[in-house]
Amino acid sequence: MNYDLVILGAGSGGYAAALRGAELGLRTALVEEGLVGGTCLHRGCIPTKAILHAAEVADAARDGSQFGVHATLDRVDLAEVRSYADGVVGRLHKGLTGLIGSRKIDVIEGRGSLVGADGNGAAAAVRVGDRQLSADHLVLATGSLPSTLPAVAVDGVRVLTSEHALRLTELPTSAIVLGGGVIGVEFASAWRSFGVDVTVVEALPRLVPNEDPAISKTLERAFRKRKIGLLTGSPMQAVSTDSDQLTVTLESGKSVSADVLLVAVGRRPNSYGMGFEEAGLELDRGWVRTDDRLATNLRGVYAVGDLVAGLQLAHRGFAHGIFVAEEIAAGRDPGLHRPTVVGDESIPRITYSDPEIAAVGLSEEAARQRFGDVETFTYELGGNGRSQILKTQGFVKVVRRADGPVVGIHLIGARVGELIGEAQLITNWEAYPEEVAQLIHAHPTQGEALGEAHLALAGKPLHVHT
């Protein structure tokens with residue numbers, strides 16, 4: 001079975017490459033052993049954000065009196081929350097399968113593996129069962145899996161990964177979240193909103209350590225106000241269980257006990273057991289090595305998404321998939337332009353905790369290391385009318401090169417994820433604060449906070465004490 005393009009894995013990067021490749025006239029096959037949509041749709045982005053929205057509804061019911069709306073929160077039925085999330089996933093999956101079918105993409109069900117040169121001129125091929133799929137170009141898009149720790153035995157009942165946590169039908173009374181990155185703080189936030197007693201254990205000195213330190217400080221203050229326990233700078237030493245609870249002992253000697261433990265220490269590339277090394281593919285600690293155009297050491301073979309070291313985000317996978325399809329098509333048709341390289345610094349990122357975190361570009365520290373002189377301005381959301389209405393706290397922090405363009409924007413507060421689109425345009429188009437200051441932001445919106453920060457950096461602050 002010969003194709004122009006065979007894609008191994010139908011998650012965010014894989015199906016994006018298939019859709020764009022088919023648009024560009026490539027005869028395309030998509031190999032998937034599970035459901036199209038991958039981790040993001042079925043076990044990650046979509047169900048977790050649905051649960052976080054249910055958590056927001058629980059908070060609104062519990063705390064409505066501060067807005068003059070008196071209500072009581074009777075109970076949180078986790079089975080019903082899960083049913084709601086499953087409904088969202090099911091509708092999106094149905095739409096995606098219909099879209100793929102409309103593009104005449106061959107979806108081949110089964111576990112695929114990479115095999116070496118097929119004798120027909122191709123550097124590699126994909127085997128699915130007793131079938132071998134040859135193509136001029138292969139895209140590896142097998143994604144990632146939850147990371148675990150050698151000292152922690154995950155059983156899916158009391159010691160959980162994020163995927164187990166999504167399938168719970170009853171809430172624990174108490175929980176320990178091991179890991180203070182994006183996954184950890186999102187689950188900690190949702191469970192606390194549902195009434196669970198939560199403690200976050202993070203080995204590094206602060207939560208969300210990949211974000212600007214000011215973001216971490218504000219998130220930690222908000223979590224403490226919500227009575228989420230925080231043990232930062234606290235590496236784990238051991239986990240023990242008895243008939244009632246499990247206990248996490250830290251290197252400091254301190255211990256904490258709870259009903260369940262969520263292991264949220266990141267995700268690892270899903271690159272083993274599919275013939276990658278046997279076919280001669282170069283790996284680095286499991287990550288597939290590529291050049292900046294996502295080409296591997298095997299001719300005609302590319303890798304996208306979580307297989308490639310860097311940000312583990314669905315929209316990065318989408319961008320990679322589109323890029324590779326366009327790269328392949330441009331190589332076949334000299335009339336097409338080669339696409340622009342996808343750089344991680346240009347990709348926005350959001351953490352959907354309460355409060356939300358959103359950022360794009362460089363932190364202040366990274367900008368100083370790269371450019372030397374930088375200027376920053378932090379606009380507190382306390383001065384923003386819409387944020388006051390929402391009763392949220394936080395800030396917008398803008399980082400610019402000295403007398404130069406904006407190179408980073410960092411936000412924290414309720415719903416700030418909705419502002420990241422404008423922030424991305426500002427940083428990616430290398431806008432100067434003076435240019436953004438000319439734009440009129442509707443009132444009252446949280447978007448005004450972006451405008452106010454740029455007005456201040458442009459030397460003409462409005463709703464800012466000077």
Check your understanding: If we keep just the residues of the range 401-419 that are outside any helix (DSSP H, G or I) and of a type in the set (D, E, K, R), which is nearest to GLU448 (Cα to Cα)?
Key -> ARG415
Exercise for review: Tell me which of these ALA165 doesn't satisfy, since it passes every other one: (1) without any contact (Cβ under 8 Å) to a residue 40 or more places away in the chain; (2) touching a strand residue (DSSP E or B) at 6+ places or on another chain (Cβ under 6 Å).
Suggested key: (1)
Check your understanding: Within the set of pairs 6+ apart or on separate chains, which have a first residue in the range 29-44 that is in contact (Cβ under 8 Å) with a residue 60 or more places away in the chain and open to solvent by less than 10 Å² (accessible area, probe 1.4 Å), a second that is assigned to a strand (DSSP E or B) and aromatic (Phe, Trp, Tyr), and C-beta atoms under 6 Å apart?
Key -> ALA29/TYR3
Point to revise | Single condition GLY253 does not satisfy, out of (1) touching a Leu at 6+ places or on another chain (Cβ under 9 Å); (2) part of a loop (DSSP other than H, G, I, E, B); (3) modelled with pLDDT under 95 | key: (1)
Practice item. Scan (1) farther than 30 Å from ARG111 by Cα; (2) at pLDDT below 95 for the single condition LEU78 breaks and write down its number. Key: (2)
Practice item. Take the range 274-305 and flag every residue that is within 12 Å of SER113 (Cα to Cα) and without any contact (Cβ under 8 Å) to a residue 24 or more places away in the chain. Key: GLU277
Point to revise | Among (1) within 23 Å of the chain's Cα centre (by Cα); (2) under 21 Å from ARG221 (Cα atoms); (3) not β-branched (Val, Ile, Thr) - the single one GLU422 does not satisfy | key: (2)
Point to revise | Test result for SER243, closer than 18 Å to ARG158 by Cβ, among the hydroxyl-bearing types (Ser, Thr, Tyr) and either open to solvent by less than 40 Å² (accessible area, probe 1.4 Å) or without any contact (Cβ under 8 Å) to a residue 60 or more places away in the chain (or both) | key: yes
Check your understanding: How do the pairs read when you match residues in the range 360-378 that are of a type in the set (Lys, Arg) with residues anywhere that are assigned to a loop (DSSP other than H, G, I, E, B) and open to solvent by less than 60 Å² (accessible area, probe 1.4 Å), using Cβ under 8 Å and keeping only pairs 6 or more apart or on different chains?
Key -> ARG370/LEU362
Point to revise | Looking only at the range 351-373, and only at residues there that are more than 16 Å from the chain's Cα centre (by Cα) and among the hydrophobic types (A, V, I, L, M, F, W, C), the one that is farthest from LEU207 (Cα to Cα) | key: PHE371
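Which one of these is within 23 Å of the chain's Cα centre (by Cα), farther than 30 Å from HIS42 by Cα and of a type in the set (Gly, Ala, Ser): ALA214, ALA203?
Details: ALA203 fails: farther than 30 Å from HIS42 by Cα.
None of the others qualify; the one that does is ALA214.
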Revision key, fill the gap. Of (1) open to solvent by less than 20 Å² (accessible area, probe 1.4 Å); (2) at positive phi, ALA55 satisfies every one except (2)
Practice item. Within the range 409-428, track down each residue that is open to solvent by 20 Å² or more (accessible area, probe 1.4 Å), without any contact (Cβ under 8 Å) to a residue 40 or more places away in the chain and touching a helix residue (DSSP H, G or I) at 6+ places or on another chain (Cβ under 8 Å). Key: GLU422
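Every residue in the range 326-351 that is among the hydrophobic types (A, V, I, L, M, F, W, C) and surrounded by fewer than 13 Cβ atoms within 10 Å (Cβ to Cβ), please. If you could, list the steps in order and put the result at the bottom.
The initial filter retains those residues of the range 326-351 that are among the hydrophobic types (A, V, I, L, M, F, W, C), namely 328-330, 336, 341-342, 347, 350.
Within the range 326-351, just VAL341 meets the criteria.
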Exercise for review: Check the range 295-317 and report whether any residue there is over 29 Å from ASP155 (Cβ atoms), of a type in the set (D, E, K, R), more than 26 Å from the chain's Cα centre (by Cα) and not in a strand (DSSP E or B).
Suggested key: yes
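Is it the case that the range 189-196 has a residue that's modelled with pLDDT of 95 or more, hydrophobic (A, V, I, L, M, F, W, C) and touching a Phe, Trp or Tyr at 6+ places or on another chain (Cβ under 7 Å)? Walk me through how you get there before you give the answer.
Narrowing the range 189-196 to residues modelled with pLDDT of 95 or more: 189-196.
Restricting the remaining residues to those that are hydrophobic (A, V, I, L, M, F, W, C) gives 190-191, 194, 196.
This time we only want the ones that are touching a Phe, Trp or Tyr at 6+ places or on another chain (Cβ under 7 Å), so: none.
Looking through the range 189-196, none of the residues is modelled with pLDDT of 95 or more, hydrophobic (A, V, I, L, M, F, W, C) and touching a Phe, Trp or Tyr at 6+ places or on another chain (Cβ under 7 Å).
What number of residues within the range 311-325 are touching a helix residue (DSSP H, G or I) at 6+ places or on another chain (Cβ under 6 Å), open to solvent by 10 Å² or more (accessible area, probe 1.4 Å) and aliphatic (A, V, I, L, M)?
Restricting attention to the range 311-325, the residues satisfying the condition of being touching a helix residue (DSSP H, G or I) at 6+ places or on another chain (Cβ under 6 Å) are 311-312, 314, 317-318, 320-322, 324-325.
Then drop every residue that is not open to solvent by 10 Å² or more (accessible area, probe 1.4 Å), which leaves 311-312, 314, 318, 322.
Imposing the further condition that a residue be aliphatic (A, V, I, L, M) reduces the set to 311, 314, 322.
Here the count works out to 3.
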Check your understanding: Which residue, of GLU364, GLU278, GLU375, is touching a Ser or Thr at 6+ places or on another chain (Cβ under 8 Å), open to solvent by 40 Å² or more (accessible area, probe 1.4 Å) and either at pLDDT below 95 or within 30 Å of ALA458 (Cβ to Cβ) (or both)?
Key -> GLU364
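Could you please find all residues in the range 58-95 being open to solvent by 50 Å² or more (accessible area, probe 1.4 Å) and more than 21 Å from ASP354 (Cα to Cα)?
Scanning the range 58-95 gives GLY68, HIS70, ASP74, GLU80, SER83, ASP86, ARG91, LEU92, LYS94.
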Review point. From the residues in the range 429-447 that are over 14 Å from ARG400 (Cβ atoms) and either assigned to a helix (DSSP H, G or I) or among the hydroxyl-bearing types (Ser, Thr, Tyr) (or both), which one is least open to solvent (accessible area, probe 1.4 Å)?
Key: GLY447
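Pull up the range 343-356, narrow it to residues that are touching a helix residue (DSSP H, G or I) at 6+ places or on another chain (Cβ under 6 Å) and not in a loop (DSSP other than H, G, I, E, B), then point me to the one that is modelled with the lowest pLDDT.
Looking only at the range 343-356, we keep the residues that are touching a helix residue (DSSP H, G or I) at 6+ places or on another chain (Cβ under 6 Å), and these are 346-348, 350-356.
Pick out the ones that are also not in a loop (DSSP other than H, G, I, E, B) and you get 346, 350-351, 356.
Numbers: SER346: 95, ILE350: 98, THR351: 98, GLU356: 98.
Taking the candidates together, the pick is SER346.
The values are calculated or read from the model by the stated rules, or taken from the named source; none is laboratory data. Because the structure is a prediction, the values reported are computed rather than measured. Don't worry about glycine lacking a Cβ; one is built from the backbone with ideal geometry, like all the others, and counts go over all protein chains shown. Areas reflect the complete protein model, heavy atoms only, side chains present, ligands, DNA and RNA absent. Shrake-Rupley method; radii C 1.70, N 1.55, O 1.52, S 1.80 Å.
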